[in-house]
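Presented below is the structure to which this report refers.
The values are calculated or read from the model by the stated rules, or taken from the named source; none is laboratory data. Note that the coordinates shown come from a computational prediction; the quantities given were computed from them, not determined experimentally. Counting neighbours? That spans all protein chains shown, and the Cβs are built from the backbone with ideal geometry, glycine included. We work out accessible area using only protein heavy atoms, side chains counted, and drop any ligands, DNA or RNA first. Shrake-Rupley method; radii C 1.70, N 1.55, O 1.52, S 1.80 Å.
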Amino acid sequence: MKPIATALIVTLSLGTVALAHEGVKDPIVIARMDAMSDTGAASKVLGDMARGRADFDADAAAEAKANLIAIAAELPALFELNATDPKSEAKPDIWENFEDFTAKAAAMGAAAEALDTTSLETLSAGMRAVGGSCGGCHKPYRL
């Protein structure tokens, strides 16, 4: 990708994150939003490689995988307290079914752990499980 296009995409992405966080006062909700933004960024790196939208880079894939694993491990703690904000996309069901939510976070971590980032072929083969784990949590727990 050309440097100007990459810079434009990064700038627009950061602007979208800033808008999503604008007006949010609760530091717990902000931390959750940051974690979700980081998850999306890592997933985008991996997904773009798997779909051929970006060149395969084993080091970048391994870094994105490590980020997903780390975020999955911290999700239960980030959501343990039922902090809310009008801009939050977290459904109250998270706290009503916290054990299931925690299990889904663990499933995301397991899918990321199992992801083989050593080649484009193995990365592509493992992305369905990673994406499925994200959707498995978003459907019941995200507005």
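List of remarks:
- The lone criterion from (1) within 16 Å of Thr118 (Cα to Cα); (2) open to solvent by 60 Å² or more (accessible area, probe 1.4 Å); (3) of a type in the set (Asp, Glu) left unmet by Asp48 is number (2).
- From Glu99, Glu89, residue being at pLDDT below 95 and either more than 30 Å from Thr122 (Cβ to Cβ) or touching a Gly at 6+ places or on another chain (Cβ under 6 Å) (or both): Glu89
- When the range 81-125 is filtered for residues that are acidic (Asp, Glu), in a loop (DSSP other than H, G, I, E, B) and over 18 Å from the mean Cα position of the chain (by Cα), only Asp85 remains.
- Residue in the range 45-61 that is within 15 Å of the chain's Cα centre (by Cα), closer than 18 Å to Pro140 by Cα and at pLDDT 95 or above present: no
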